[in-house]
1. Somewhere in region 92-107, is a residue in contact with a Leu (Cβ under 7 Å, 6 or more places away or on another chain), assigned by TED's automatic domain parsing to the domain that holds Tyr159 and aliphatic (A, V, I, L, M)?
2. Wholly within region 36-134, which strands (runs of 3 or more DSSP E) include no fewer than the required count, namely at least 1 residues that are in contact with a Cys (Cβ under 8 Å, 6 or more places away or on another chain)?
3. Residue check, Tyr155 against (1) of a type outside the set (Asp, Glu); (2) over 14 Å from the mean Cα position of the chain (by Cα); (3) under 22 Å from Thr178 (Cα atoms); (4) surrounded by fewer than 17 Cβ atoms within 10 Å (Cβ to Cβ), all met but one. Which one?
4. So, of the residues in region 208-219 that are β-branched (Val, Ile, Thr) and within 18 Å of the chain's Cα centre (by Cα), which turns out to be surrounded by the most Cβ atoms within 10 Å (Cβ to Cβ)?
5. Which ones in region 202-233 are β-branched (Val, Ile, Thr) and assigned to a helix (DSSP H, G or I)?
6. Give region 202-216 a look and list any residue that's closer than 21 Å to Lys180 by Cα and among the polar types (S, T, N, Q), or say none.
7. Does Lys180 satisfy the criteria of being surrounded by 12 or more Cβ atoms within 10 Å (Cβ to Cβ), in the same structural domain as Phe90 (by TED's automatic domain parsing) and within 22 Å of the chain's Cα centre (by Cα)?
8. In the same structural domain as Ser110 (by TED's automatic domain parsing), in contact with a Cys (Cβ under 7 Å, 6 or more places away or on another chain) and surrounded by 14 or more Cβ atoms within 10 Å (Cβ to Cβ): which single residue out of Val222, Val205, Val185 fits that description?
Amino acid sequence: MKHIPRFYKDADLGENRQVLLSPDQTHHAANVLRLAKGNPVRVFNSRCGEWNCEIFDPKKGCVEIMSLFRKNEAEEGPIIACSLINPKRFDFFLEKATELGISEIIPIVSAYTQYREFNVQKAEQKIILACEQCGRLSVPGLNNIMKISDFLEKYSHDYQILVGDNKYYNISLFDIITNKSVFLVGPEGGFSGEEYNLFDTYKNVSKFRLGNNILKTETAAVAFASLWKSCFF
């Protein structure tokens, strides 16, 4: 087997222990991957690192931990506050943000946001699956939905809030980004005039130009994460 499947497990992992995979993970291992007793897998979390394991009972999702593969390590990424969008596109954003190392995701409701709720359980599963596939140890935090005013009040005191705006021709993201930056992504209709006025009342909110084209919400978020990674990794 060239690729060894990885499974996230929020448990105390250690040599010679047995752990049970979740029902979804068990189904994937037994029925999709068709793993049998003795096949290698890896189990991980950010506290205990990643461990070499073997399938012990495929039907029950029981795996036996054999040896440490990788110690826990710091995975520090940026925070993205993203307006809620179409569920399929929001799933795409969650997957790519996880792959690119985002540490915290904050769903935002603003004046022009069309969607006001999302399936939290499904979103968390999407994030965990992306972690399993991309090799991350840590699972990004997924916050509760916040109104944009509450988000600004909570985060602007300790972080630099970055807002993309094509009117700011002379301000490049590379000139203002720091490792304490939070990227705020608006909905399809952009931010309202009242929200832009609200931004101006916070000294830690900075506007910048992110290219020549108007980007979709999920595209802008992925572009920011990529640029942040190029600056700090």
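The values are calculated or read from the model by the stated rules, or taken from the named source; none is laboratory data. Since we're looking at a predicted model, the values are computed, not measured. Here the Cβ positions follow ideal geometry from the backbone for every residue, glycine too, while neighbour counts run over all protein chains shown.
1. Within region 92-107 (the criterion being in contact with a Leu (Cβ under 7 Å, 6 or more places away or on another chain), assigned by TED's automatic domain parsing to the domain that holds Tyr159 and aliphatic (A, V, I, L, M)), the answer is yes, since at least one residue qualifies.
2. The qualifying strands (runs of 3 or more DSSP E) are 40-45, 49-57, 62-70, 104-109.
3. So Tyr155 meets the others, but not (4).
4. Here the answer is Thr217.
5. Going through region 202-233, the residues β-branched (Val, Ile, Thr) turn out to be 205, 214, 217, 219, 222.
Across region 202-233, the qualifying residues are Thr217, Thr219, Val222.
6. Within region 202-216, Asn204, Ser206 meet the criteria.
7. So Lys180 does not fit the description; no.
8. The unique qualifying residue is Val185.
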